[in-house]
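Participant: Before I ask anything, let me first share the structure, which is written out below as structure tokens.
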Amino acid sequence: MQRRDFNRLCGGLLAGAANLSTSAMANTEPYPRSGLVYDDGTPVSVESLEPGTSCVFSYPYVTTPCFVVRLNTSAKRRDNWQGGVGEDESVVAFSAICSHKMSHPAKPISHINYRADKVSFYDRSGSKQEQANVISCCSERSVYDPVNGAAVLSGPAPVPLAAIALEVGAEGQLFAIGSSGADQYERFLTKFGFRLAMEYGVTDIRARVGEQTVATLAQQFSSQQIRC
């Protein structure tokens with residue numbers, strides 16, 4: 001390689017690195033742009049979500065559940081996370097697969113849920129805390145903070161939940177457009193593949209979602225919700 005080509009390559013790499021460091025979406029893995037709709041086909045918008053509520057939708061695969069949440073507060077943008085969308089920055093989305101033992105919302109039961117009410121837990125220093133607007137996994141008592149990129153507040157979870165990048169379309173509809181962070185997708189599909197195929201009625205558990213993905217109120221998605 002000639003020196004001028006080497007210099008051009010290095011310059012391009014440095015410029016690219018600079019761009020990545022300044023973009024909140026830099027670490028986002030692109031997946032299909034999929035519009036969120038309710039069970040009746042109505043588009044999901046920021047305004048249609050009541051503050052303090054959550055829905056379960058599939059993304060980026062037809063069998064990997066996620067939460068879309070309308071928080072009771074704003075979620076500010078961070079270096080590696082886009083924050084909440086909407087005028088009040090209150091709508092966020094995350095994979096609903098716990099990063100510890102992959103507890104997740106299933107049709108019969110869910111041990112992991114968004115909690116708008118206050119939840120008691122012990123933080124990493126052993127101090128007892130109470131906090132609202134959290135995602136709580138009752139399998140092993142991991143608690144995540146969706147206001148701050150699903151950071152781990154408590155429990156054995158090793159990393160935050162994978163973040164689902166959202167976009168608000170021209171007509172106000174919410175779109176899922178990517179995933180960032182340490183996702184559990186392949187491990188999850190490998191471990192639960194047979195049951196997922198039965199539960200979702202699909203033959204290909206690794207099929208990507210299409211142009212639309214259905215969002216169901218969390219309390220309706222799972223017949224039983226475990227709260228702790």
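The values are calculated or read from the model by the stated rules, or taken from the named source; none is laboratory data. In this text, all values refer to a predicted model and were calculated from it rather than measured experimentally. When we count neighbours, we look across all protein chains shown, and the Cβ atoms used for this are built from the backbone with ideal geometry, even at glycine.
Participant: Give 170, 176, 132, 182 a once-over and let me know the one that is within 20 Å of residue 101 (Cα to Cα) and of a type in the set (Gly, Ala, Ser).
Facilitator: Answer to the selection: 182.
Participant: Only one of 176, 157, 165, 151 is without any contact (Cβ under 8 Å) to a residue 12 or more places away in the chain and either more than 19 Å from residue 55 (Cβ to Cβ) or among the hydrophobic types (A, V, I, L, M, F, W, C) (or both); which?
Facilitator: Going through 176, 157, 165, 151 in turn, just one is without any contact (Cβ under 8 Å) to a residue 12 or more places away in the chain and either more than 19 Å from residue 55 (Cβ to Cβ) or among the hydrophobic types (A, V, I, L, M, F, W, C) (or both): 151.
Participant: While we're looking at this one, here's another question. Could you grab me the full set of residues in the range 121-148 that are of a type outside the set (A, V, I, L, M, F, W, C), in a loop (DSSP other than H, G, I, E, B) and closer than 22 Å to residue 110 by Cβ? Show your work before the answer.
Facilitator: Of the range 121-148, the ones of a type outside the set (A, V, I, L, M, F, W, C) are 122-131, 133, 136, 139-142, 144-146, 148.
Narrowing further to those that are in a loop (DSSP other than H, G, I, E, B): 123-127, 133, 139-141.
If the condition is that a residue be of a type outside the set (A, V, I, L, M, F, W, C), in a loop (DSSP other than H, G, I, E, B) and closer than 22 Å to residue 110 by Cβ, then 133, 139, 140, 141 are the ones that fit.
Participant: Go through (1) among the aliphatic types (A, V, I, L, M); (2) more than 19 Å from residue 200 (Cβ to Cβ); (3) assigned to a strand (DSSP E or B) one by one and return the number of the condition residue 49 breaks.
Facilitator: Among (1) among the aliphatic types (A, V, I, L, M); (2) more than 19 Å from residue 200 (Cβ to Cβ); (3) assigned to a strand (DSSP E or B), residue 49 violates only (3).
Participant: Still on this model: Kindly establish whether residue 142 is free of Cβ contacts under 8 Å to residues at least 60 places away in the same chain and farther than 21 Å from residue 56 by Cα.
Facilitator: On the way: free of Cβ contacts under 8 Å to residues at least 60 places away in the same chain: yes; farther than 21 Å from residue 56 by Cα: no.
In short, no.
Participant: Taking residue 174 and the conditions (1) assigned to a loop (DSSP other than H, G, I, E, B); (2) touching a Leu at 6+ places or on another chain (Cβ under 8 Å), which numbered condition does it fall short on, given that it satisfies the others?
Facilitator: Status for residue 174: all satisfied but (1).
Participant: Looking only at the range 101-130, which residues are under 24 Å from residue 198 (Cα atoms) and either in contact with a His (Cβ under 7 Å, 6 or more places away or on another chain) or of a type outside the set (A, V, I, L, M) (or both)?
Facilitator: 101, 103, 104, 105, 107, 108, 110, 111, 112, 113
Participant: Quick one: which of 179, 222 is in contact with a Phe, Trp or Tyr (Cβ under 8 Å, 6 or more places away or on another chain) and of a type outside the set (A, V, I, L, M)?
Facilitator: Just one listed residue meets the conditions, 179.
Participant: List, please: which pairs have Cβ atoms under 6 Å, are six or more places apart or on different chains, and start with a residue in the range 213-228 that is part of a strand (DSSP E or B) and end with one that is among the aromatic types (Phe, Trp, Tyr)?
Facilitator: Note: pairs meeting the criteria are 213/57; 213/59.
Participant: Taking residue 183 and the conditions (1) part of a loop (DSSP other than H, G, I, E, B); (2) more than 15 Å from the chain's Cα centre (by Cα), which numbered condition does it fall short on, given that it satisfies the others?
Facilitator: (2)
Participant: Could you go through the range 93-115 and let me know if any residue there is without any contact (Cβ under 8 Å) to a residue 24 or more places away in the chain and in a loop (DSSP other than H, G, I, E, B).
Facilitator: There is no residue in the range 93-115 that is without any contact (Cβ under 8 Å) to a residue 24 or more places away in the chain and in a loop (DSSP other than H, G, I, E, B).
Participant: When only residues in the range 169-199 that are aromatic (Phe, Trp, Tyr) and buried (at least 17 other Cβ atoms within 10 Å of the Cβ) count, which is nearest to residue 42 (Cα to Cα)? Break it down into steps so the answer makes sense when it comes.
Facilitator: Keep residues of the range 169-199 that are aromatic (Phe, Trp, Tyr), which gives 175, 185, 188, 192, 194.
Adding the requirement that they be buried (at least 17 other Cβ atoms within 10 Å of the Cβ) leaves 175, 185, 188, 192.
Working: 175: 13, 185: 28, 188: 30, 192: 30 Å.
Among those that are aromatic (Phe, Trp, Tyr) and buried (at least 17 other Cβ atoms within 10 Å of the Cβ), it is 175.
Participant: Which ones in the range 171-211 are within 20 Å of residue 92 (Cβ to Cβ) and not hydrophobic (A, V, I, L, M, F, W, C)?
Facilitator: Across the range 171-211, the qualifying residues are 172, 173, 178, 179, 180, 181, 183, 184, 185.
Participant: From the list 33, 4, 70, pick out the single residue that is of a type in the set (D, E, K, R) and modelled with pLDDT under 50.
Facilitator: On the way: 33 fails: modelled with pLDDT under 50; 70 fails: modelled with pLDDT under 50.
Residue meeting the stated conditions: 4.
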